[in-house]
Amino acid sequence: MTIEHDGKTVTSCVWNENAYLAYLATLPEPSLAEVQADKLTEINAACDAAITAGCDVTLSDGTAGHISLTQEDQINLTTAQAAVQGGAAGYPYHLDGALCKIFAAADILTMASAATAHILYHTTYCNHLRTWVSRCVAVDDVKGIAYGGALPADLAANMQTIMTAMGGGNA
């Protein structure tokens, strides 16, 4: 990079791609453990984002909507679920972008069930990806793993067994 200045302020900056690539070539290759640690951080962040993004839900009257699942949303939905399981006929809640209203107990349970399935799916999938990363023996293999990608056959079968046992789950 060529930088020109007037003594106080940079007046020009020109990127030199060849110099940058030559510099990168001098850096040591990251170890397998470093690449795995970075990949686990990436996978965890993607899982958290997928959970927080929430899920779609269809209510008893046929209306469909979306519920976000931030930690606060999860606490609120758990509170609503506990209230209706304790006998409340309804509970105030909201679909994303909609005004809060009293939902019938059945709809609160539908939302809670959808949220639980969504969280279960992503948590289980993340766990399987983490296992895959930990058993890799080559840096390129680790780099090829991405959240949302297909699992190896044995991990996919194990995940399917878990999801089936739990009554499904959604992506």
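The values are calculated or read from the model by the stated rules, or taken from the named source; none is laboratory data. If you're wondering where the values come from, they're calculated on a predicted model, not measured in any experiment. Cβ sites come from the backbone with ideal geometry, for glycine too, and all protein chains shown count toward neighbours. Surface areas here come from the heavy atoms of the whole protein model, side chains and all, with no ligands, DNA or RNA. Shrake-Rupley method; radii C 1.70, N 1.55, O 1.52, S 1.80 Å.
What number comes out for accessible area per residue over the chain if the probe is 1.4 Å? Units Å², please. Please report the intermediate quantities before stating the final value.
Numbers: 10330 Å² over 171 residues.
Per-residue accessible area for the chain comes out at 60 Å².
With a sphere of radius 15 Å drawn around the Cβ of Thr63, what net charge do the other residues whose Cβ falls strictly inside it have (Lys, Arg +1; Asp, Glu -1)? Around Thr63, the charge tally is -3.
When nucleic acids and ligands are ignored and a 1.4 Å probe is applied, Cys126 ends up with an accessible area of around 10 Å². Among Ile51, Ile75, Ile43, the largest mean-square fluctuation in a Gaussian network model of the chain (Cα springs under 10 Å) belongs to Ile75.
May I ask you to derive the FRET efficiency for Tyr20 and Thr123 from their Cβ-Cβ distance with R0 = 41 Å, giving the value to the nearest 0.05?
Numbers: r = 40 Å, r/R0 = 0.97.
The computed FRET efficiency comes out at 0.55.
Put the Cα centre of segment 1-52 next to the Cα centre of segment 76-103 and the gap is 46 Å. Taking Rh as the Kirkwood radius computed over C-alpha pairs, what is the Stokes-Einstein D of segment 37-89 at 10 °C in a medium of viscosity 1.306 mPa s, expressed in µm² per second? Reported coefficient: 121 µm²/s. Quick one: angle between helix 17-26 and the longest Cα principal axis of the chain, in degrees between 0 and 90, rounded to 10, please. For helix 17-26, the angle is close to 80 degrees.
Please grab the % of Cα pairs in the chain that end up more than 28 Å from each other. The partial results should precede the final answer.
Values: 6941 of 14535 pairs.
Summing the P(r) of the chain above 28 Å gives 48 percent of all pairs.
Only helical runs count toward this figure. For the chain, summing -39,500 (n - 2.57) over DSSP H runs of n ≥ 4 and dividing by all residues gives -18500 deg cm²/dmol at 222 nm. Listed peptides 77-85, 58-66, 110-118, 154-162 appear in the order 110-118, 77-85, 154-162, 58-66 once ranked by packing, highest mean of other Cβ atoms within 10 Å at the front. Overall size of segment 104-145 from C-alpha positions, given as principal axis extents largest first: 53, 13, 5 Å. Charged neighbours of Ala80, selected by a Cβ distance under 14 Å, balance to -2 (K, R count +1; D, E count -1).
Phi angles across segment 76-90 convert, under the Karplus curve 6.51 cos²θ - 1.76 cosθ + 1.60 with θ = phi - 60°, into 3J(HN,Hα) values of 4, 5, 5, 5, 4, 4, 4, 5, 6, 5, x, x, 5, 6, x Hz, Gly and Pro given as x. A straight Cα-to-Cα reach below 25 Å connects Lys39 with the lysines Lys143, residues fewer than 8 places away in its own chain not being considered. Each of Asp107, Asp48 has its accessible area taken with a 1.4 Å probe; listed largest first, they run Asp48, Asp107.
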